[in-house]
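Novice: One structure follows; several queries about it will come next.
The values are calculated or read from the model by the stated rules, or taken from the named source; none is laboratory data. Please read all numbers here as calculations on a predicted model, not as lab measurements. We place every Cβ from the backbone using ideal geometry, glycine too, and count neighbours over all the protein chains shown.
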2 protein chains.
Amino acid sequence: MHLTTFSDIEDAYVRIEPYIHMTPVLTSSAINKITGAEIFFKCENFQKVGAFKFRGACNAVFGLSDAEAARGVGTHSSGNHAAALALAAKMRGIHAYIVMPKNSPQIKKNAVGGYGGIITFCEPTLPAREETLEKILLESGAILVHPYNQKEVIAGQGTCALELMEQQYNLDCIITPVGGGGLLSGTSITARYLNPGIEIIGAEPKGADDAYQSFVNKQLIPVGKTNTIADGLLTSLGQLTFELIAENVDAIMTAPDSSIIQAMRLIWERMKIIVEPSSAVALAIILDNKADFKDKKVGVILSGGNVDLEKLPF
Amino acid sequence: MHLTTFSDIEDAYVRIEPYIHMTPVLTSSAINKITGAEIFFKCENFQKVGAFKFRGACNAVFGLSDAEAARGVGTHSSGNHAAALALAAKMRGIHAYIVMPKNSPQIKKNAVGGYGGIITFCEPTLPAREETLEKILLESGAILVHPYNQKEVIAGQGTCALELMEQQYNLDCIITPVGGGGLLSGTSITARYLNPGIEIIGAEPKGADDAYQSFVNKQLIPVGKTNTIADGLLTSLGQLTFELIAENVDAIMTAPDSSIIQAMRLIWERMKIIVEPSSAVALAIILDNKADFKDKKVGVILSGGNVDLEKLPF
């Protein structure tokens, strides 16, 4: 299977446009003053299900033929992808089989259930998740929609930068968080195609820096023990996302949790919007490396806004 | 002095438009589903200084002649009006003398100081605030800008509904929080002028219901002991705001703190935006009186977003 291209992303945008929100791009003069950069925040926290993940899930679901779709879709996820797939499937009127670790936060279980997802709980280990899903896919005939390492999903995530670069055409640099790499790889295809000279940076928490390690060592290195508040960025890159990132991305930079929390608080207090810790990693990197971004027009994708208000880090 | 008219509000808009944000109107399909109404949220939490108060302060400051302006402006306030006046004065390049109770939250002191306001601290009582301010106005020659009971301030606040009704022209109803009444009275002039048939409602916390009492008794009744989380709505109506409200407003409705907190949480979780408790009172009233708003297009002004993240009610 060839890698995702800009043409796939254009097709994806036509396919999903009726279902997604065109999210706004916000700026903050206070944050610009603090950082010395001019930052354009693409607010995927306002996307349906509260995260960019809906773009990729939507493209995968609506890209199926009627016969395929009738079989339903399935995935394992404890996070935003689960809710995104459940809602996309609901919109298409098909089943979504979601395997969730039984210790998933109640709020996430409610979200998936609320969108009509058919949930199977499993032990909170990767083998248990994969085995349980495999069994369900076999029994139901449902089609797997991977959270990131799948061409259609990457193409869907790439539509976010497509909107951003239409909304703000003259960016010098674009930064996205990187976990499994779906958003970063999709963004990198779009950004490199629309502006070959743009700087493309992945933002990763120091406490789960497999993408950084893979990038500098030029080989896929799975994440080891993770320790970060950015709970959306714990996963390792996949083969597809790694290849695209290695090809298109200029740098992967990391930030410690202290900077991530400071950046998150800055966004909450100054912009009056709710973002999850994973979304704040890009701003954390700008704050920690001001000289690198001084006077640049920087696009930052705020990936999502799903946080447990009872467990805030401040 | 005659009461504020729609013509004053139009003049105010021309005057302040270069300085204010045209704030967005957001909707939430989740909240529409829960309430049964179609709600258009005017996001003054995204306004400069994080609150609609900047509109009124800006109109008062930029409405001064050069000779008047040179004397500076003054007020007493522990809240958003203090920051709003300080920033408006800074933009005009004049002094703002702000009397603040010495027990004001540090975050508010920092905000006023950050905008260059000249702060005088006083004992946290109304007589101390008024006496201190009077002394400072005498000494400095500065001009008083009242937080709400002043024609120019009311006209400035009325520009918010002007934008909202241009952004969403077919509202059946408009609801704003009511404390001193500047926002509600200004809104009522605009809304009644642009659409004589529109329903105009003030939203007040049960724990500080002087506007409700004044409205139903058709006379100005100052607030007694207050007990509510909506700390922006503790003040009594003034003579000017009372007269305008009595003339234009259809109803004042009240909500208990439990509903206010529930509404605030709903806005944070579903809309991913930060609003202060005072902003959530209107939605609380819709939630508590669903039948009254069913299938109506309701404009709600989210008045501000300044909250202490370390003292959240959930």
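Novice: Those residues that are surrounded by fewer than 19 Cβ atoms within 10 Å (Cβ to Cβ) and part of a helix (DSSP H, G or I), I need them from the stretch B:162-173; list them, please. Working first, answer last.
Specialist: Start the filter on the stretch B:162-173 by keeping residues that are surrounded by fewer than 19 Cβ atoms within 10 Å (Cβ to Cβ), which leaves B:166-170, B:172.
Answer for the stretch B:162-173, where residues must be surrounded by fewer than 19 Cβ atoms within 10 Å (Cβ to Cβ) and part of a helix (DSSP H, G or I): B:166, B:167.
Novice: May I pose another question? When both residues are 6+ apart or on different chains and their Cβ atoms are under 9 Å apart, which pairs have a first residue that lies in the stretch A:262-273 and is more than 10 Å from chain B (Cβ to nearest Cβ), and a second that is aliphatic (A, V, I, L, M) and in a strand (DSSP E or B)?
Specialist: Within 9 Å, the pairs are A:263/A:255.
Novice: Same structure, new question: Quickly run through the stretch B:199-227 and pick out the residues that are in a loop (DSSP other than H, G, I, E, B) and free of Cβ contacts under 8 Å to residues at least 40 places away in the same chain.
Specialist: Of all residues in the stretch B:199-227, those in a loop (DSSP other than H, G, I, E, B) come to B:209, B:218-227.
Matches in the stretch B:199-227: B:218, B:219, B:220, B:221, B:222, B:223, B:224, B:225, B:226, B:227.
Novice: Moving on to the next point. Answer with yes or no whether residue A:31 is in a loop (DSSP other than H, G, I, E, B) and surrounded by 19 or more Cβ atoms within 10 Å (Cβ to Cβ). Write out each step before concluding.
Specialist: Working: in a loop (DSSP other than H, G, I, E, B): no; surrounded by 19 or more Cβ atoms within 10 Å (Cβ to Cβ): yes.
So residue A:31 does not fit the description; no.
Novice: Collect the residues in the stretch B:274-291 that are hydrophobic (A, V, I, L, M, F, W, C), part of a helix (DSSP H, G or I) and within 14 Å of another protein chain (Cβ to nearest Cβ), keeping them in residue-number order. Quick ask: steps written out before the conclusion?
Specialist: Within the stretch B:274-291, the subset hydrophobic (A, V, I, L, M, F, W, C) is B:274-275, B:280-287, B:291.
If we keep only those that are part of a helix (DSSP H, G or I) too, we end up with B:280-287, B:291.
Of everything in the stretch B:274-291, just one residue is hydrophobic (A, V, I, L, M, F, W, C), part of a helix (DSSP H, G or I) and within 14 Å of another protein chain (Cβ to nearest Cβ), namely B:280.
Novice: Taking the condition of being in contact with a Lys or Arg (Cβ under 6 Å, 6 or more places away or on another chain) and either within 17 Å of residue B:250 (Cα to Cα) or assigned to a strand (DSSP E or B) (or both), how many residues in the stretch B:292-306 meet it? Before you say what the answer is, go through the steps one by one.
Specialist: If we filter the stretch B:292-306 for residues that are in contact with a Lys or Arg (Cβ under 6 Å, 6 or more places away or on another chain), which is where we start, we get B:301, B:305.
Next cut, either within 17 Å of residue B:250 (Cα to Cα) or assigned to a strand (DSSP E or B) (or both) only: B:301.
Residues that pass the stated criteria total 1.
Novice: Report, by residue number, each residue of the stretch B:148-158 that is crowded, with 24+ Cβ neighbours inside 10 Å, not aliphatic (A, V, I, L, M) and not in a loop (DSSP other than H, G, I, E, B).
Specialist: Taking the stretch B:148-158 as the starting set, the residues that turn out to be crowded, with 24+ Cβ neighbours inside 10 Å are B:148, B:153-158.
This time we only want the ones that are not aliphatic (A, V, I, L, M), so: B:148, B:156-158.
Hits for the stretch B:148-158 are B:156, B:157, B:158.
Residue-by-condition table, conditions (1) in the same structural domain as residue B:212 (by TED's automatic domain parsing); (2) farther than 22 Å from residue B:55 by Cβ; (3) out of contact with any helix residue (DSSP H, G or I) (no Cβ under 9 Å at 6 or more places or on another chain); (4) part of a loop (DSSP other than H, G, I, E, B):
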position: B:91; (1), (2), (3), (4): no, no, no, no
position: B:97; (1), (2), (3), (4): no, no, no, no
position: B:110; (1), (2), (3), (4): no, yes, yes, no
position: B:116; (1), (2), (3), (4): no, no, no, yes
position: B:135; (1), (2), (3), (4): no, yes, yes, no
position: B:160; (1), (2), (3), (4): yes, no, no, no
position: B:180; (1), (2), (3), (4): yes, no, no, yes
position: B:197; (1), (2), (3), (4): yes, yes, yes, yes
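Novice: Being over 18 Å from residue B:177 (Cα atoms) and of a type in the set (A, V, I, L, M) is the filter; apply it to the stretch B:292-314 and report the residue that is nearest to the other protein chains (Cβ to nearest Cβ).
Specialist: Step one: filter the stretch B:292-314 for residues over 18 Å from residue B:177 (Cα atoms), giving B:294-296, B:308-314.
From what's left, of a type in the set (A, V, I, L, M): B:309, B:312.
Values: B:309: 5, B:312: 7 Å.
Among residues in the stretch B:292-314 that are over 18 Å from residue B:177 (Cα atoms) and of a type in the set (A, V, I, L, M), the one nearest to the other protein chains (Cβ to nearest Cβ) is B:309.
Novice: Please go through the stretch B:1-51 and pick out each residue that is away from chain A (no Cβ under 11 Å), farther than 30 Å from residue B:109 by Cα and hydroxyl-bearing (Ser, Thr, Tyr).
Specialist: If the condition is that a residue be away from chain A (no Cβ under 11 Å), farther than 30 Å from residue B:109 by Cα and hydroxyl-bearing (Ser, Thr, Tyr), then B:4, B:5, B:7, B:35 are the ones that fit.
Novice: Which numbered condition in (1) outside the structural domain of residue B:271 (by TED's automatic domain parsing); (2) not in a strand (DSSP E or B) is the only one that residue B:45 fails?
Specialist: Going through (1) outside the structural domain of residue B:271 (by TED's automatic domain parsing); (2) not in a strand (DSSP E or B) one by one, residue B:45 breaks only (1).
Novice: Scan the stretch B:237-253 and give yes if some residue there is within 14 Å of another protein chain (Cβ to nearest Cβ), surrounded by fewer than 22 Cβ atoms within 10 Å (Cβ to Cβ) and either assigned to a helix (DSSP H, G or I) or touching a residue at least 40 places away in the same chain (Cβ under 8 Å) (or both), otherwise no. Show your work before the answer.
Specialist: From the stretch B:237-253, those within 14 Å of another protein chain (Cβ to nearest Cβ) are none; that's our starting set.
For the stretch B:237-253, residues within 14 Å of another protein chain (Cβ to nearest Cβ), surrounded by fewer than 22 Cβ atoms within 10 Å (Cβ to Cβ) and either assigned to a helix (DSSP H, G or I) or touching a residue at least 40 places away in the same chain (Cβ under 8 Å) (or both): absent.
Novice: Considering only residues that are in contact with a helix residue (DSSP H, G or I) (Cβ under 6 Å, 6 or more places away or on another chain), over 21 Å from residue A:306 (Cα atoms) and in a helix (DSSP H, G or I), which ones fall in the stretch A:70-89?
Specialist: Across the stretch A:70-89, there are no qualifying residues.
Novice: Let me ask something else about it. Take residue B:23 and decide whether it is under 30 Å from residue B:295 (Cα atoms) and not in a helix (DSSP H, G or I).
Specialist: Working: under 30 Å from residue B:295 (Cα atoms): yes; not in a helix (DSSP H, G or I): yes.
So residue B:23 fits the description; yes.
Novice: Quick one: would you say residue A:54 is over 15 Å from the mean Cα position of the chain (by Cα) and either surrounded by fewer than 24 Cβ atoms within 10 Å (Cβ to Cβ) or within 14 Å of chain B (Cβ to nearest Cβ) (or both)? It would help to see each step written out before you state the result.
Specialist: Values: over 15 Å from the mean Cα position of the chain (by Cα): no; either surrounded by fewer than 24 Cβ atoms within 10 Å (Cβ to Cβ) or within 14 Å of chain B (Cβ to nearest Cβ) (or both): yes.
No.
Novice: Here's another thing I want to ask about it. Among the residues of the stretch B:174-228 satisfying the criterion of being buried (at least 24 other Cβ atoms within 10 Å of the Cβ) and of a type in the set (D, E, K, R), which is modelled with the lowest pLDDT?
Specialist: Among those residues, the one meeting the criterion is B:210.
Novice: Does residue A:233 fit the bill of being assigned to a loop (DSSP other than H, G, I, E, B), buried (at least 23 other Cβ atoms within 10 Å of the Cβ) and either assigned by TED's automatic domain parsing to the domain that holds residue A:108 or touching a helix residue (DSSP H, G or I) at 6+ places or on another chain (Cβ under 6 Å) (or both)?
Specialist: Values: assigned to a loop (DSSP other than H, G, I, E, B): yes; buried (at least 23 other Cβ atoms within 10 Å of the Cβ): yes; either assigned by TED's automatic domain parsing to the domain that holds residue A:108 or touching a helix residue (DSSP H, G or I) at 6+ places or on another chain (Cβ under 6 Å) (or both): yes.
For residue A:233, the condition - assigned to a loop (DSSP other than H, G, I, E, B), buried (at least 23 other Cβ atoms within 10 Å of the Cβ) and either assigned by TED's automatic domain parsing to the domain that holds residue A:108 or touching a helix residue (DSSP H, G or I) at 6+ places or on another chain (Cβ under 6 Å) (or both) - is met.
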